[in-house]
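A.B. asks: Below is the structure I would like to discuss, written out as structure tokens.
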Amino acid sequence: MDITDFYDTFFEEAEELLADMERYLLELDVDEPDTEELNAIFRAAHSIKGGAGTFGFDALQKTTHLFENLLDHTRKGELTLRRDIVDTFLETKDMLSDQLDAYRNGDEPDQEAFERICQILQQLALEEIGQDLDEGGAAAPAVKAELEPAATPTSAPEAEPAAGAGQRIVTLLNVGEKDRQLLVEELGQLGKVVSHQGDEQRYEVVLASTDSDDDIEAVMCFIIDAEQFQIRPVDAAQPDVPADSRVSAEEGQRVITLLNVGEKDRQLLVEELGQLGDVVSQQGDEVRYEVVLASSVSNDDIEAVMCFIVDADQLQITTDGGAASPVVNKEKAGAAAVPAEAAPKAEPTPKPAAKAPAKASKPKAKGPETSSIRVSVDKVDQIINLVGELIITQSMLDQTVSDMDAVADSALLNGMSLLQRNARDLQESVMSIRMIPMDFVFSRFPRVVRETAGKLGKEIELVTEGESTELDKSLTERIIDPLTHLVRNSLDHGIEMPEDRVAAGKPRTGRLTLSAQHQGGNILIEVIDDGAGLNRDRLLAKARENGLPVSDSMSDDEVWQLIFAPGFSTAKAVTDVSGRGVGMDVVKRNIQGMGGHVEIMSKAGEGTRIRIVLPLTLAILDGMSIKVGGEMFILPLSAVLESLQPAKEDLYAMAGDDVVLKVRDEYLPVVAVHEALDVPDAKTKLTETIAVIVQGEGRRYALLVDDLVGQQQVVVKNLETNYRKVPGVSAATILGDGSVALILDITGLHRLSRAKKEVRRPERTYQSLEALTDKELETSS
Amino acid sequence: MNQTTEAAMTAAEAHNREFLVFSLGEEEYAVDILKVQEIRGYENVTRIANAPDFIKGVTNLRGVIVPIVDLRIKFHLDKVEYGGQTVVIVVNVEDRVVGIVVDGVSDVMTLSPDQIKPAPEFGVTLSSDFLSGLGSLEDRMLVIVDIDKLLTSDEMELVERVAE
């Protein structure tokens, strides 16, 4: 096995870490930075550095190293954050992403950019803390040398958990007043708190307890981070070994203990370790397996490599011959990366084994333990297809057995109902594989909003709601672009300049809300701003200018839809943010391409709400099966509002041969499905048909069908795979009997019926309107 | 000059080729057997509205939606009632799966290059563009259909034109 096999894992992990980093940076309150967030950012940089070092990505390692040091100063309060510093950090994060991409593509990162960012970081360090970060001068070796002392466990003897009967000093670093009280209380439960004193930065609790250090640690970890406390026996000397001697210790032999690692992974790991140095010996069993390694690579790096295969808590690295088992702790290593700074206060006291490395992996493990595998989308799609087949086969069988005798064939019938349930469960779980939370989409918007608002000179607060709402992965990827466009649009055209807002009696800061929620079989994604709202008059004027057919009597909804017309922009000037490139028409087309539609609600002076309605998944649809003539069709259930039998008095003939249906004071265009789709032998008497009221693209229609058959979930099959696009039809599906049914496209159907009437119209122009009206109503009577 | 002689020149095509022979009314046609995915009986199809009459509709082929084309209608032959002999030849052309309805499949024949004669100009109903040639076999004549060209042609309306 080659070390390059781990590249992909590293790249993916690093990408996630960078995404986390960006999120935290954006959330960061410049005036009162949250320690937890700063630590998280620091840890992300540190983890990436470790991996980059292991794989020899020098530029990445050097950049993260400089960055990490700055972050370290920040979290220790030695570097006061400012908005522009956070901007620099964000820029650095971007640079790291670029570098990562370059390495992923097998290129070297842009040297110029690398030098520039290093210089910026250096400069920042010099100006803000008067310290040259890059003491060693040269890139990689210096970084290593600096890293290693910290990574090296000291030779100071450490109290083993067994020796835990005595008194211990628990030192709390940077723990706030409230948490301190809590912790002291907690510790009191474990034993006797002899004394406690100190300040926020360093608080010492002397505890007499028979519990092991491990247990103490476990309790504290619920409240604070591993790097915020140290535990040592009361009489142990403060470890204060000169850095140099620790460097040499690093080059010796180390015992790497693998806990609960299976045979196969063990082999893999030993092979991996062989790449880092010489494996002197190995022995043990699955529960505990010890490998002695002679290597000059830092513990950090060893850990980084192994962590791709096993969890951090399955791993212990100790220097050979050390009396105790001091353990490498990632956090500490990082904290002490600048020895001059770290030595007096935060000199890491090595902690007893077991728990510490587990905490080292904290940036990755969020909340409860979840493990995951990465699978290619193709494979999942294939499974979904197969499950779709299974469901169809199952309903086919279902129909076959439905006529059987309930008593004589009860065993078979019971089996069938079990199969049905299992198949449904399987389908649901398989579908859920593809579902990912909207957070995946929303998480990129703080950055977009921050930058856009910055360019426009506006003050914007971004609120996101419903981040945990899940959506099919293929859709989340496709929704990002349209959504970005809508957000930019809202920021540019919707929300006013701070002064204008104040003048209008609104708060200076505009509010942009992104929300996601489920509604039936759909997901609603909304972009809501509290800006000026759409201007009806201006839209109408602009539409006339563009030669669009408009009238003053148009409903607001129709007027708002005008912004989706190609080439339509009400911006007075092309700005840096919008007015170029794609327009709202592309947004609408993209969303329609995903099987969804866009609705707009707007109120002058109060803001605009743009709602994207999407199906949860493209693969399965809740459908209503309808019958027209002898043919079966499927309507997307999400579009169906209600169905009713049209009464003669509610039908009105209109000019031409149009008919409208009055439903609760609303006149709906009537679309006869049999006419649009040329279905033979369908019911033609209007009052005998059933009108299904459907909604498509914000408009309502009454579809005339012969019969409603029922509701069912259908597997959506693309027609265009082997055939072409069919007007009025969005896709096809396979029914329980194995036959194909077409899924109707409501707006397409309406267009189709209009087009057909258009063609027929010339023959009818000579008929008097009265005659036509009589005729239509005759057929319906 | 024509495709067959050109084809004969290339080494790969110098071998004998196998054709599936099918009948439309009294006439015998043949398609390259390598294009044929399977042969199945005619089953009910779902009609596609506003499609040309020779497109019978779509059917379900183990989960794949496949359009069915009736070549008799396309070639303006006498309409024959569908019966037990009626079969659908499922062909695979350019990553698409299409079924063609024929009156019956008779056999698989091996033709050597010299048994394939260039196709003469036909009338309007069947452009010689869609023919690879005429196979002559004792007293039989096989019309060898270039199924790729035929099914992907504009007039079949099976494939969306890019300009649309």
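The values are calculated or read from the model by the stated rules, or taken from the named source; none is laboratory data. Small disclaimer: the values here were computed from a predicted structure and weren't measured. All Cβ positions, even for glycine, are placed from backbone atoms using ideal geometry, and neighbour counts span all protein chains on display. The area values use the complete protein model at the heavy-atom level, side chains included, leaving out ligands, DNA and RNA. Shrake-Rupley method; radii C 1.70, N 1.55, O 1.52, S 1.80 Å.
A.B. asks: Counting only protein heavy atoms, what percent of the accessible surface of the range B:2-148 is carbon or sulfur at a 1.4 Å probe?
C.D. replies: Within the range B:2-148, the accessible surface is 50 percent carbon and sulfur.
A.B. asks: Could I ask something else about it? Enter the accessible area of A:HIS196 (Å², nearest 10), with the probe set to 1.4 Å and all protein chains included.
C.D. replies: Here the residue's solvent-accessible area equals roughly 100 Å².
A.B. asks: In nm, to one decimal, how far is the modelled label at A:ASP265 from the one at A:SER474, with both set 7 Å along Cα→Cβ?
C.D. replies: In this crude spin-label approximation the distance works out to 3.4 nm.
A.B. asks: Might you tell me the accessible area per residue for the range B:2-148, computed with a 1.4 Å probe and given in Å²?
C.D. replies: The answer is 49 Å² per residue.
A.B. asks: Quick one: which bits of the range A:648-694 get at least 20 Å² less accessible when the partner protein chains are in, versus the chain alone, with a 1.4 Å probe?
C.D. replies: A:LEU677, A:ASP678
A.B. asks: Find the centroid of the Cα atoms in the range B:12-82 and in the range A:255-277, then give the distance between the two in whole Å.
C.D. replies: Measuring centre to centre over Cα atoms gives 61 Å.
A.B. asks: I've got another one for you. With +1 on each Lys and Arg Cβ and -1 on each Asp and Glu Cβ, how big is the dipole of the range B:2-148 about its Cα centre, in debye rounded to the nearest 20?
C.D. replies: That gives the range B:2-148 a dipole magnitude of about 560 debye.
A.B. asks: Further question on the same structure: How do A:TYR652, A:TYR723 stack up against each other in accessible area, from largest to smallest, with a 1.4 angstrom probe?
C.D. replies: So, going from the largest accessible area down, we get A:TYR652, A:TYR723.
A.B. asks: Moving on to the next point. How long are the semi-axes of the equivalent ellipsoid of the range B:2-148, defined as square roots of 5 times the Cα gyration tensor eigenvalues? Whole Å, largest first.
C.D. replies: Equivalent ellipsoid of the range B:2-148: 27, 17, 15 Å, largest first.
A.B. asks: Now for a separate question. How much accessible area per residue does the range A:406-551 have, counting only protein heavy atoms and a probe of 1.4 Å, in square angstrom?
C.D. replies: 48 Å²
A.B. asks: Beyond 30 Å between alpha-carbons counts as too far, so tell me which of A:LYS455/A:LYS588; A:LYS379/B:LYS56; A:LYS542/A:LYS662 fall in that bin.
C.D. replies: Violating the 30 Å Cα-Cα cut-off are A:LYS379/B:LYS56; A:LYS542/A:LYS662.
A.B. asks: What total accessible area, in Å², is buried where chains B and A meet, using a 1.4 Å probe and rounding to the nearest 100?
C.D. replies: 2000 Å²
A.B. asks: For B:63-75, what's the mean count of beta carbons from other chains sitting within 10 Å of each residue's beta carbon?
C.D. replies: 3
A.B. asks: Right, something else. What nm distance separates the two modelled labels at A:LEU26 and B:THR152, each placed 7 Å from Cα along Cα→Cβ?
C.D. replies: 4.5 nm
A.B. asks: Sticking with this structure for a sec: At 1.4 Å probe size, with no ligands or nucleic acids counted, give the accessible surface of A:ARG421 in Å², nearest ten.
C.D. replies: We get 140 Å² for A:ARG421.
A.B. asks: Another question about this same structure. What ranking of B:THR110, A:THR64, A:THR88 comes out by heavy-atom accessible area, probe 1.4 Å, highest first?
C.D. replies: Listed by decreasing accessible area, they come as B:THR110, A:THR88, A:THR64.
A.B. asks: Another question, if that's okay. As a test question: what accessible area, to the nearest 10 Å², does A:ASP84 have when a 1.4 Å probe is rolled over all protein chains in place?
C.D. replies: 80 Å²
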